[in-house]
Structures are given as structure tokens and as C-alpha cells.
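**Student:** The structure that follows is given in the form of C-alpha cells.
The values are calculated or read from the model by the stated rules, or taken from the named source; none is laboratory data. All values derive from a computational prediction rather than experimental measurement. These accessible areas exclude ligands, DNA and RNA; they are computed on the full protein's heavy atoms, side chains included. Shrake-Rupley method; radii C 1.70, N 1.55, O 1.52, S 1.80 Å.
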Amino acid sequence: MLKDLNSDYDCSQSGDDLHQLIQELESLRGQGAASKDIQEQIHRLENQISFIRNKCDIP
């Protein structure tokens, strides 16, 4: 999971960052029934992925 994403995010890193975030998300989802902490991590990863896609205009 990336630390902080903000308006200064460098889109040149988006390919590597998205790959890493998606792998983390799939790993957490693959664990089955999720605790509240894992659900929060999943939500944060989904938000980070959406932010990067929106900021860097990636479909």
C-alpha cells in the first residue's frame, strides 16, 4: 500500500504502483472472509487505485 497520495502524485510511476496495488488487493480478497481491518485495507487499496486511474487518466 502506498503511504500518501496527493495532487502532486507523479503519473510516471503509475504503471508500477497500479501493478503493486492490484496485486495487494487480489491477495487480500483471496483470503476469504475478511476481518474489519482487512476490509478497511481493501477499501483503502480500492481508493488508491481509483485515485491513480483518475489522476493519470487511465481507464
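**Student:** For the chain, find the longest principal axis of its Cα atoms and tell me its angle to the long axis of helix 36-55, 0 to 90°, nearest 10.
**Tutor:** Relative to the chain, helix 36-55 is tipped by roughly 20 degrees.
**Student:** So what is the relative contact order of the chain, in percent, for Cα pairs below 8 Å that sit 6 or more residues apart? Show your work: numbers first, answer last.
**Tutor:** Working: 31 pairs, mean separation 27.6, N = 59.
Across the chain, relative contact order equals 47 percent.
**Student:** Now for a separate question. So how much slack lies between E40 and K55, counting 0.36 nm per residue of separation and subtracting their Cα-Cα distance, in nm?
**Tutor:** 3.2 nm
**Student:** Apply the Karplus curve 6.51 cos²θ - 1.76 cosθ + 1.60, θ = phi - 60°, to the phi angles in segment 16-21 and return the couplings in whole Hz, x for Gly and Pro.
**Tutor:** Running phi through 6.51 cos²θ - 1.76 cosθ + 1.60 with θ = phi - 60° gives 5, 5, 4, 4, 5, 5 Hz.
**Student:** Share of the chain's accessible area from carbon and sulfur, percent, 1.4 Å?
**Tutor:** Carbon and sulfur atoms account for 44 percent of the accessible area of the chain.
**Student:** Find the accessible area per residue for the chain; the probe is 1.4 Å, ligands and nucleic acids are left out, and the unit is Å².
**Tutor:** Values: 4240 Å² over 59 residues.
Result: 72 Å² of accessible area for each residue.
**Student:** Roughly what percent of Cα-Cα pairs across segment 1-50 reach past 12 Å?
**Tutor:** Within segment 1-50, distances greater than 12 Å cover 64 percent of Cα pairs.
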